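Here's the structure, in structure tokens; my notes come after.
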Amino acid sequence: MLAEERFSLIMEQLDRKRTVTVQELCEALNTSESTIRRDLTELDRQGKLNKVHGGATLPDSRFLADEPTMEAKETLAVEQKRSIAQAAAQLINANDFVFIDAGSTTLELVRALTGDALKASYLTNGVAHARALAQKGCRVYLPGGLLRPQTEAIVGAPTVSIIQQYNFTKAFMGANGVALEAGFTTPDPEEAAVKAAAVHRARETWFLVDDAKFARIYPAVIADLQGGAILTNRCPNPKYKQFTLVKETEV
């Protein structure tokens, strides 16, 4: 296997796990320990990872601008998203007025709603979310605005204006990235504006993010870390708990 092929496979492992050991890489790539150590040294020199004792981690933050489609996102970290969604669903009471953000993890939340949560009222800017809520018999409001094909989210000034007319007991938000220095971020400024408006109008805000989204920074800011609590399957860095409440489903 060529060095560049190994580099690519090592980075794929890191993107998925955030941290890897030399032994894990040896087994995954069927390569000797000495070769893996040399590869990690070179990738560390290039600034693509941090070489640590016994393995490697991703840098504390990575700046990204890619935006997968809704269809593509629904195939990523499926089990992690389901565990987060099930925990989030348990936070909703019958008398809540809830904002549910567009996104793949929040769509899993809608699918997980049962019991008293079905008696709550909802406002969502996700078309698929509104349909799923209606099919469950929930009372659901859908704001006006522009539908973005990429994420199937309703955005724009009319959407923000409508959200600003409500007070939510709880908001369940999606984010493409969360980082210590940048907070919660997303690729599109219009979606960020809608998210920020909902956060501002909510008494209690939860960001539903799987562990792959930590230490990632996107162009548009939603809120700083104090802007909402984090509900995740696993928090890879305990420093986040110094800034906001973090609940993990994997203990």
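The values are calculated or read from the model by the stated rules, or taken from the named source; none is laboratory data. Everything numeric in this text was worked out from a predicted model, so none of it was measured. Reconstructed Cβ throughout: ideal geometry from the backbone, glycine too, with neighbour counts over all protein chains shown. Just the protein is used for accessible areas: all its heavy atoms, side chains included, with ligands, DNA and RNA removed. Shrake-Rupley method; radii C 1.70, N 1.55, O 1.52, S 1.80 Å.
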- Selection from the stretch 238-251 of residues that are touching a residue at least 24 places away in the same chain (Cβ under 8 Å) and loosely packed, with under 15 Cβ neighbours inside 10 Å: K239, F243, E250
- Query: (1) touching a helix residue (DSSP H, G or I) at 6+ places or on another chain (Cβ under 8 Å); (2) at pLDDT 95 or above: which one isn't true of L76, the others all being true?
  - Reply: (2)
- Message: Residues to consider are S104, S121; find the one that is more than 22 Å from the chain's Cα centre (by Cα) and under 20 Å from I154 (Cβ atoms).
- Response: S121
- Message: Every residue in the stretch 207-251 that is polar (S, T, N, Q) and at pLDDT 95 or above, please.
- Response: Q226, T232, N233, T244, T249
- Number of the exception - Q46 against (1) touching a residue at least 24 places away in the same chain (Cβ under 8 Å); (2) farther than 23 Å from N233 by Cα; (3) not hydroxyl-bearing (S, T, Y): (1)
- What pairs can you find where one residue is in the stretch 87-112 and farther than 11 Å from F172 by Cβ and assigned to a helix (DSSP H, G or I), the other is of a type in the set (D, E) and open to solvent by 10 Å² or more (accessible area, probe 1.4 Å), and their Cβ atoms are less than 7 Å apart, with a gap of 6+ or different chains? S104/E74
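Within the stretch 80-102, identify whether any single residue is hydroxyl-bearing (S, T, Y) and open to solvent by 70 Å² or more (accessible area, probe 1.4 Å), and answer yes or no.
The first filter runs over the stretch 80-102 and keeps only residues hydroxyl-bearing (S, T, Y), leaving 83.
If we keep only those that are open to solvent by 70 Å² or more (accessible area, probe 1.4 Å) too, we end up with none.
Looking through the stretch 80-102, none of the residues is hydroxyl-bearing (S, T, Y) and open to solvent by 70 Å² or more (accessible area, probe 1.4 Å).
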- Exception for P219 within (1) open to solvent by less than 10 Å² (accessible area, probe 1.4 Å); (2) more than 18 Å from T105 (Cβ to Cβ) falls at (1)
- Every residue from the stretch 134-151 that is in contact with a strand residue (DSSP E or B) (Cβ under 9 Å, 6 or more places away or on another chain), within 14 Å of G103 (Cα to Cα) and open to solvent by less than 80 Å² (accessible area, probe 1.4 Å): R148, T151
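Inspect all residues belonging to the stretch 164-179 and state whether any of them is among the small types (G, A, S), farther than 18 Å from V110 by Cβ and open to solvent by 20 Å² or more (accessible area, probe 1.4 Å).
First, the residues of the stretch 164-179 that are among the small types (G, A, S): 171, 174-175, 177, 179.
Narrowing further to those that are farther than 18 Å from V110 by Cβ: 177, 179.
Subset that is open to solvent by 20 Å² or more (accessible area, probe 1.4 Å): none.
Checked the stretch 164-179: no residue is among the small types (G, A, S), farther than 18 Å from V110 by Cβ and open to solvent by 20 Å² or more (accessible area, probe 1.4 Å).
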- Message: Pull out all pairs, ordered by first then second residue, where Cβ-Cβ is under 8 Å, the residues are six or more apart or on different chains, the first lies in the stretch 182-204 and is on the phi > 0 side of the Ramachandran plot, and the second is open to solvent by less than 20 Å² (accessible area, probe 1.4 Å) and not charged (D, E, K, R).
- Response: G183/I222; G183/A223; G183/L225
- Note on the structure: A careful count of residues in the stretch 141-180 that are modelled with pLDDT under 95 and touching an Asp or Glu at 6+ places or on another chain (Cβ under 8 Å) gives 4
